[in-house]
Amino acid sequence: MSIGLPKNVVFHEPHFRATIVSALEQTAPQRRDAFFRRYTGRVRQHGLPPGPAQISSSDVLLYRSGSGDCTDVCLYDLLRYTNLAGQYKQEIQRRVYTPLLGTLSGKTVLDVACGTGRGAVDFAGKATRVVALDGSTDMLAVTRKKLIGRNDVMLIAGLAQALPFSRGAFDVVVALNFLHLFRPSTQCAFVDEMIRVLRPGGVLILEFDNALHGFGVGMARRWLGGERGSLMCEIRRVVSHGAQIVSVKGALIPYMWRVFCHFPRFATPLERLASLPFLSRLLCRRLYVQARKLYEL
């Protein structure tokens, strides 16, 4: 299946496992505006619309090695996934979103904002082809190291606002640990692009921060400006253009994973109980939305 790459993106199958296909240039923050003008011009040149919302350079979050802050790629996995609590969180979340994907055999999967490969590593070997896209070539370099020896994953540098693929190119599109970083209007631009490259009837999996987590604690934090969680009404608006929500599952009892990670036999049944529909939308920290594309946009 062709994924409709722009003409200036060259990919050689024999070097599949070692190649990062670049649809953008990695630049320093001070050059981001100039980069964005060049990139959006190149996308328009190849007839790939940047999405219905106006794209702004402020909507690009660049992760790079050596930044020394939360966007430092060298520290990304170390701070989030290597400690016991991080591994526990990752496992609980995987148990929730994996069933929503359905059977991946024979399918082409797009992992949007793949980061250091959390999703792509899971999907590799299950799907016929996995395409992992991120705006940071440093992130993609980390992902590549995790996929050494595999020839069924393509790494592409590009932006979620302007996915460099043709319409209906993928059977499944996934965005994990990504949308919560952006305002609702930008989320809409991202998701509209994901729906565009998804085939009719294809599956879309989105991860959101739940604004109501902790029976309202999340709303208090949102009101105080500490978080940007989403309400279900907001999620429905984000996914409303050409797709229909089929299922919503919750994961992670908030603030307790640092304790639960030491007692997984005790915690796992509680996490399963919390993921039930009548509890998850008021309790769980994360919401996983499964939607299907209804028609060709």
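The single condition among (1) modelled with pLDDT of 90 or more; (2) surrounded by fewer than 17 Cβ atoms within 10 Å (Cβ to Cβ); (3) part of a helix (DSSP H, G or I) that Ser185 does not satisfy is (1). Restricted to segment 192-217, and to residues there that are modelled with pLDDT of 95 or more, part of a helix (DSSP H, G or I) and hydrophobic (A, V, I, L, M, F, W, C), the residue that is nearest to the chain's Cα centre (by Cα) is Met194. Of the helices (runs of 4 or more DSSP H) lying entirely inside segment 218-291, the ones with 3 or more residues being charged (D, E, K, R) are found at 232-238, 264-274. Taking each residue of segment 66-85 that is in contact (Cβ under 8 Å) with a residue 40 or more places away in the chain and looking for partners that are of a type in the set (Lys, Arg) with beta-carbon atoms closer than 9 Å, six or more apart or interchain, yields Val73/Arg64; Asp77/Arg118; Leu84/Arg258; Ala85/Arg258. Tell me, yes or no, whether segment 178-187 has at least one residue that is β-branched (Val, Ile, Thr) and either within 22 Å of Gln244 (Cα to Cα) or in contact with a Lys or Arg (Cβ under 6 Å, 6 or more places away or on another chain) (or both). Yes.
Matching residues to (1) of a type in the set (S, T, N, Q); (2) at pLDDT below 90; (3) surrounded by 16 or more Cβ atoms within 10 Å (Cβ to Cβ):
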site	(1), (2), (3)
Val248	no, no, yes
Tyr255	no, yes, no
Ala267	no, no, yes
Leu273	no, no, no
Phe278	no, yes, no
Leu283	no, no, yes
Leu287	no, no, yes
Ala291	no, no, yes
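Meeting the requirement of 2 or more residues that are under 29 Å from Leu273 (Cβ atoms) and in contact with a helix residue (DSSP H, G or I) (Cβ under 8 Å, 6 or more places away or on another chain), the helices (runs of 4 or more DSSP H) wholly within segment 74-146 are 84-101, 118-123. On the stretch given as segment 231-284, residues that are in contact with a Cys (Cβ under 8 Å, 6 or more places away or on another chain), under 26 Å from Gln87 (Cβ atoms) and not aliphatic (A, V, I, L, M) total 3.
The values are calculated or read from the model by the stated rules, or taken from the named source; none is laboratory data. A quick note: this is a predicted structure, and the numbers were derived from the prediction, not measured. Quick reminder, even Gly has a Cβ in these numbers, built from the backbone with ideal geometry, and neighbours come from all protein chains shown.
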